[in-house]
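The values are calculated or read from the model by the stated rules, or taken from the named source; none is laboratory data. Computed from a predicted structure; not experimentally measured. Positions of Cβ are generated from backbone atoms using ideal geometry, with glycine treated the same way; all protein chains shown enter the neighbour counts. We work out accessible area using only protein heavy atoms, side chains counted, and drop any ligands, DNA or RNA first. Shrake-Rupley method; radii C 1.70, N 1.55, O 1.52, S 1.80 Å.
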Amino acid sequence: MAKKSKITVADTVAKSFLLGVEARARRTAMREKEQGVWRTITWADWFTTVRDITYGLNALGFAPGDVASIIANTNVEWCYADMATLCAGGVSSGIYPTDSIKQVEYLLNDSGSKVVFVEDDEQLDKVLEARARCSKLERIIIFDADGLQSFTDPMALTLEALVALGREHRKDREALFQQLVDSRTADDVAMLVYTSGTTGPPKGAMLTNKNVTTQMKHAETLFPIERREERLLFLPLCHVAERIGGYYYSVATGSIMNFAESPETVPDNIREVQPSAFLAVPRIWEKFYSSTMIALKDATPLEKWAYAKAISVGEKVADAKLEGRSPPLGLRLANQVGYWLVLRNIRKMLGIDRAKRLFTGAAPISPDLVRWYLSLGMDMFEVYGQTENCGVATSMTMDRIKLGTIGKVVPWAEVKLSPENEILVRGDIVFKGYLNQPQKTAETIDKDGWLHTGDVGAIDNEGYVKITDRMKDIIITAGGKNITPSEIENQLKFSPYISDAVVIGDKRPFLTCLVMIDQENVEKYAQDLHIPFTNYASLCRAPQVQELIWSEIEKVNANFARVETIKKFYLIEQQLTPEDEELTPTMKLKRGLVNKKYAPAISAMYGDRMAS
């Protein structure tokens with residue numbers, strides 16, 4: 001029987017880290033890939049680097065309560081800088097590496113950052129461009145100085161130089177480190193997490209040590225964690241999902257953090273690591289499903305037949321599990337045969353064959369997609385939370401997965417519905433408020449301590465919570481019909497050819513939608529059928545691609561009442577990236593912005609001609 005992990009949590013994140021070091025000094029904490037080889041970093045190694053950076057920050061005049069920002073992809077250095085900032089008594093604030101110069105300037109000023117850590121020359125250039133307008137910024141620390149050998153600036157120094165400075169500053173100051181760690185209490189702010197800003201400028205959510213350590217303490221309350229658990233970290237660490245569910249949970253449990261080389265190498269890295277638990281957003285789970293469906297198109301007739309048989313049996317087993325009954329022996333045996341001959345290969349190709357459980361969160365997911373993973377023999381648990389409640393408020397339970405819901409409230413929090421059916425959350429996980437925005441804070445946390453999530457929902461007689469939509473997103477058609485766009489959008493995104501969709505129809509006679517295609521899969525479709533295209537826009541305009549997307553929409557329309565069906569659509573012809581204003585850093589279309597930006601196309605869909 002595998003040994004369970006030992007939870008190491010104190011009243012602050014920094015103290016929790018030191019407990020972890022004490023308990024696991026020689027064990028592996030992190031791995032990163034260097035020149036094709038995975039390099040191991042022990043807890044003792046991690047501590048030594050963090051201690052030196054902490055002393056270095058102190059030597060630069062960084063004091064308890066000061067803010068340090070980090071602009072980098074998810075990597076080992078991110079964790080070094082973050083934990084050192086906390087050990088120095090500071091507040092850690094993450095900035096997406098895809099953010100523009102203007103956004104970086106806003107976030108550095110709003111947070112009042114005194115120090116900023118940057119990954120490389122690309123991120124350095126943004127800060128150098130903005131710094132003249134950032135009055136509190138004093139120092140820039142560079143992780144990767146490749147290509148910057150001739151660069152000198154009195155404000156900037158490399159991480160290696162900061163470490164060296166820290167070692168020198170540590171002499172005759174051995175007691176200082178613990179004094180800095182002890183300077184923070186449970187109620188002090190540990191980190192700022194900026195919301196994605198779908199409805200305006202990003203707001204800095206102040207999360208206290210108590211908010212974070214409450215989640216850390218319960219890291220295995222719902223799901224037991226094995227001592228040698230392996231994780232792959234790749235989601236942005238400035239987002240609460242990976243920060244809590246990947247990084248800080250690993251600090252608490254000792255799970256080994258393997259860092260993806262880059263966002264582009266995640267499929268390769270997950271196959272190499274084969275993690276024992278995997279957290280991802282729905283977009284990733286959709287991509288995994290899409291890649292499998294596209295691969296099947298090139299399979300032999302025998303392989304397609306074998307998959308159909310194996311997944312059919314898997315679906316029957318999954319349905320039995322969902323209904324709370326044990327499948328017959330014959331079905332279980334057939335499922336085992338299907339696993340060894342077919343499903344195991346798919347799971348290994350995706351990199352999830354060793355995973356005891358899969359987690360999905362940060363956005364709604366299609367129940368059909370969850371059912372597909374269950375049919376592969378994988379337990380997938382949906383968790384729900386927000387930045388403002390430090391990541392997790394409800395979760396599916398190990399003993400019961402109920403599709404179409406986000407599980408039950410976690411035992412360390414409370415959930416209820418307002419008279420308007422808005423989901424409210426209360427407990428030690430609720431944030432302190434928005435930095436510099438007392439009015440927004442008062443609108444979000446009421447006098448009784450309830451966090452107003454902005455999500456409309458329901459709670460059934462078994463305590464399972466269901467989200468029906470965002471308070472501001474419910475569509476009321478010209479005919480007075482209330483429609484939940486997220487249900488339709490989730491089914492559309494289940495298509496391997498649709499990356500995202502926004503349903504339109506408020507105060508309109510019928511529903512339409514804006515669609516962002518899955519470029520890789522649609523390109524392959526076009527190439528396989530010899531459909532000519534020269535660029536992304538011409539691909540979207542190709543009649544055969546328009547017909548393909550319409551056929552996918554029609555499949556979804558079949559599941560809804562006539563008034564809820566989509567009558568027309570428009571393909572967004574620009575290849576969007578997180579740098580574009582229409583997308584959040586987590587690759588979600590901003591509903592309000594796309595409605596405004598594509599107003600002419602929307603008007604055309606409601607005119608006399610089809611937008612194409």
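Quick one: which of 572, 566 is open to solvent by less than 60 Å² (accessible area, probe 1.4 Å) and under 30 Å from residue 235 (Cα atoms)?
Numbers: 566 fails: under 30 Å from residue 235 (Cα atoms).
Of 572, 566, the one residue that is open to solvent by less than 60 Å² (accessible area, probe 1.4 Å) and under 30 Å from residue 235 (Cα atoms) is 572.
Among the residues of region 373-388, what is the count of those that are within 17 Å of residue 321 (Cβ to Cβ) and either open to solvent by 20 Å² or more (accessible area, probe 1.4 Å) or among the polar types (S, T, N, Q) (or both)?
Restricting attention to region 373-388, the residues satisfying the condition of being within 17 Å of residue 321 (Cβ to Cβ) are 373-382.
Checking the rest, the ones that are also either open to solvent by 20 Å² or more (accessible area, probe 1.4 Å) or among the polar types (S, T, N, Q) (or both) come to 375, 377, 379, 382.
Qualifying residue count, region 373-388: 4.
Residues checked against (1) in contact with a Lys or Arg (Cβ under 8 Å, 6 or more places away or on another chain); (2) open to solvent by less than 40 Å² (accessible area, probe 1.4 Å); (3) over 10 Å from residue 376 (Cα atoms); (4) not β-branched (Val, Ile, Thr):
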position	(1), (2), (3), (4)
300	no, no, yes, no
303	no, no, yes, yes
306	no, yes, yes, yes
309	no, no, yes, yes
315	yes, no, no, yes
320	no, yes, yes, yes
323	no, no, yes, yes
333	no, no, yes, yes
345	no, no, yes, yes
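Within region 154-207, which residues are within 23 Å of residue 107 (Cα to Cα), among the β-branched types (Val, Ile, Thr) and either assigned to a helix (DSSP H, G or I) or open to solvent by 10 Å² or more (accessible area, probe 1.4 Å) (or both)?
Matches in region 154-207: 158, 189, 195, 198, 199.
Which of the residues spanning region 455-490 are closer than 30 Å to residue 107 by Cβ, free of Cβ contacts under 8 Å to residues at least 24 places away in the same chain and open to solvent by 20 Å² or more (accessible area, probe 1.4 Å)?
Across region 455-490, the qualifying residue is only 470.
Going through region 419-435 one residue at a time, which ones are polar (S, T, N, Q) and modelled with pLDDT of 95 or more?
Applying the first criterion (polar (S, T, N, Q)) to region 419-435 yields 421.
Selection gives nothing.
Out of all the residues in region 223-239, is one or more part of a helix (DSSP H, G or I) and open to solvent by 10 Å² or more (accessible area, probe 1.4 Å)?
Here is the first cut: in region 223-239, the ones part of a helix (DSSP H, G or I) are none.
For region 223-239, residues part of a helix (DSSP H, G or I) and open to solvent by 10 Å² or more (accessible area, probe 1.4 Å): absent.
Of the residues that make up region 521-535, is at least one assigned to a strand (DSSP E or B) and touching a residue at least 40 places away in the same chain (Cβ under 8 Å)?
Going residue by residue through region 521-535, those that are assigned to a strand (DSSP E or B) are none.
Looking through region 521-535, none of the residues is assigned to a strand (DSSP E or B) and touching a residue at least 40 places away in the same chain (Cβ under 8 Å).
Name the residues in region 389-399 that are open to solvent by less than 10 Å² (accessible area, probe 1.4 Å) and closer than 25 Å to residue 444 by Cα, would you? I'd like the intermediate steps shown before the answer.
Of region 389-399, the ones open to solvent by less than 10 Å² (accessible area, probe 1.4 Å) are 389-390, 393-396.
Within region 389-399, 389, 390, 393, 394, 395 qualify.
Quick one: count up the residues across region 124-153 that are among the basic types (Lys, Arg), over 18 Å from residue 77 (Cα atoms) and not in a helix (DSSP H, G or I). Spell out how you get there, then give the answer.
Going residue by residue through region 124-153, those that are among the basic types (Lys, Arg) are 126, 131, 133, 136, 139.
Filter once more, keeping what is over 18 Å from residue 77 (Cα atoms): 126, 131, 133, 136.
Still in the list and also not in a helix (DSSP H, G or I): 136.
Number of matching residues: 1.
Filter region 274-287 down to the residues that are open to solvent by 20 Å² or more (accessible area, probe 1.4 Å), hydrophobic (A, V, I, L, M, F, W, C) and part of a helix (DSSP H, G or I) and list them by number. Working first, answer last.
From region 274-287, those open to solvent by 20 Å² or more (accessible area, probe 1.4 Å) are 274, 279, 281, 283-284, 287; that's our starting set.
With hydrophobic (A, V, I, L, M, F, W, C) added as a condition, the list becomes 279, 281, 284.
Of everything in region 274-287, just one residue is open to solvent by 20 Å² or more (accessible area, probe 1.4 Å), hydrophobic (A, V, I, L, M, F, W, C) and part of a helix (DSSP H, G or I), namely 284.
What pairs come out if I take residues in region 438-454 that are farther than 13 Å from residue 423 by Cα and in contact (Cβ under 8 Å) with a residue 40 or more places away in the chain and pair them with residues that are surrounded by 16 or more Cβ atoms within 10 Å (Cβ to Cβ) and among the hydroxyl-bearing types (Ser, Thr, Tyr) whose C-beta lies under 6 Å away, six or more apart or interchain?
Cβ pairs passing all conditions: 440/434.
Please specify each residue of region 199-235 satisfying the condition of being closer than 27 Å to residue 266 by Cα and of a type in the set (Lys, Arg).
Hits for region 199-235 are 227, 228, 231.
Within region 134-153, which residues are small (Gly, Ala, Ser), in contact (Cβ under 8 Å) with a residue 12 or more places away in the chain and open to solvent by 40 Å² or more (accessible area, probe 1.4 Å)? Don't jump to the end; show me each part of the working.
The initial filter retains those residues of region 134-153 that are small (Gly, Ala, Ser), namely 135, 145, 147, 150.
Then keep just the ones that are in contact (Cβ under 8 Å) with a residue 12 or more places away in the chain; that gives 135, 145, 147.
The answer is 135, 147.
Look through 501, 558, 542 and report the one residue that is of a type outside the set (S, T, N, Q), at pLDDT below 95, more than 27 Å from residue 102 (Cα to Cα) and open to solvent by less than 30 Å² (accessible area, probe 1.4 Å). Even if it seems obvious, please write down each step before you answer.
Details: 558 fails: open to solvent by less than 30 Å² (accessible area, probe 1.4 Å); 542 fails: at pLDDT below 95.
Result: 501 is the single residue among 501, 558, 542 that is of a type outside the set (S, T, N, Q), at pLDDT below 95, more than 27 Å from residue 102 (Cα to Cα) and open to solvent by less than 30 Å² (accessible area, probe 1.4 Å).
Does residue 404 satisfy being at pLDDT below 95 and either assigned to a loop (DSSP other than H, G, I, E, B) or crowded, with 23+ Cβ neighbours inside 10 Å (or both)? So that I can check it myself, show each step before the final result.
Numbers: at pLDDT below 95: yes; either assigned to a loop (DSSP other than H, G, I, E, B) or crowded, with 23+ Cβ neighbours inside 10 Å (or both): yes.
Here the answer is yes, as residue 404 does meet what is asked.
If we scan region 528-536, do we find a residue that is in contact with a Gly (Cβ under 9 Å, 6 or more places away or on another chain) and farther than 25 Å from residue 286 by Cα? Before the answer, list the steps.
Within region 528-536, the subset in contact with a Gly (Cβ under 9 Å, 6 or more places away or on another chain) is none.
No, there is no match, as no residue in region 528-536 is in contact with a Gly (Cβ under 9 Å, 6 or more places away or on another chain) and farther than 25 Å from residue 286 by Cα.
What is the number of the single condition among (1) open to solvent by less than 30 Å² (accessible area, probe 1.4 Å); (2) within 26 Å of residue 426 (Cα to Cα); (3) modelled with pLDDT of 90 or more that residue 361 does not meet?
Condition not satisfied by residue 361: (3).
May I ask you to list the residues in region 479-519 that are part of a strand (DSSP E or B) and over 22 Å from the mean Cα position of the chain (by Cα)? Talk me through it step by step, then tell me what you get.
So in region 479-519, the residues part of a strand (DSSP E or B) come out as 482-483, 498-504, 511-517.
Scanning region 479-519 gives 482, 483, 503, 504, 511, 512, 513, 514.
Which of the residues that make up region 288-298 are of a type in the set (Gly, Ala, Ser) and open to solvent by 20 Å² or more (accessible area, probe 1.4 Å)? Lay out the reasoning, then the answer.
Going residue by residue through region 288-298, those that are of a type in the set (Gly, Ala, Ser) are 290-291, 295.
Across region 288-298, the qualifying residues are 291, 295.
For region 407-422, how many residues meet the condition of being charged (D, E, K, R) and surrounded by fewer than 14 Cβ atoms within 10 Å (Cβ to Cβ)?
The first filter runs over region 407-422 and keeps only residues charged (D, E, K, R), leaving 408, 414, 416, 420, 422.
Those left that are additionally surrounded by fewer than 14 Cβ atoms within 10 Å (Cβ to Cβ): 416, 420.
Count: 2.
Note down all Cβ pairs under 7 Å where the first residue falls in region 367-396 and is among the basic types (Lys, Arg), the second is open to solvent by 20 Å² or more (accessible area, probe 1.4 Å), and they're at least six residues apart or on different chains.
371/403
Name the residue that is nearest to residue 394 (Cα to Cα), counting only residues in region 457-487 that are basic (Lys, Arg) and at pLDDT below 85.
We begin by selecting, within region 457-487, every residue basic (Lys, Arg); these are 466, 470, 472, 481.
Add one more test, that the residue is at pLDDT below 85, and what stays is 470, 472, 481.
Working: 470: 17, 472: 22, 481: 30 Å.
Of everything passing the filter in region 457-487, 470 is nearest to residue 394 (Cα to Cα).
More than 29 Å from the chain's Cα centre (by Cα), under 25 Å from residue 367 (Cβ atoms) and assigned to a loop (DSSP other than H, G, I, E, B): does that describe residue 560? Step through it out loud before you land on a result.
Working: more than 29 Å from the chain's Cα centre (by Cα): yes; under 25 Å from residue 367 (Cβ atoms): yes; assigned to a loop (DSSP other than H, G, I, E, B): yes.
Yes: the conditions hold for residue 560.
Yes or no, residue by residue, for (1) within 27 Å of the chain's Cα centre (by Cα); (2) buried (at least 16 other Cβ atoms within 10 Å of the Cβ); (3) in a helix (DSSP H, G or I):
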site	(1), (2), (3)
26	no, no, no
61	no, no, no
70	yes, yes, no
80	yes, yes, yes
86	yes, yes, yes
108	yes, yes, yes
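Just a yes or no: is a residue in region 567-574 within 20 Å of residue 507 (Cβ to Cβ), touching a helix residue (DSSP H, G or I) at 6+ places or on another chain (Cβ under 9 Å) and basic (Lys, Arg)?
yes
Being under 14 Å from the mean Cα position of the chain (by Cα) and open to solvent by 30 Å² or more (accessible area, probe 1.4 Å) is the filter here; which residues of region 259-273 pass it?
Of everything in region 259-273, just one residue is under 14 Å from the mean Cα position of the chain (by Cα) and open to solvent by 30 Å² or more (accessible area, probe 1.4 Å), namely 263.
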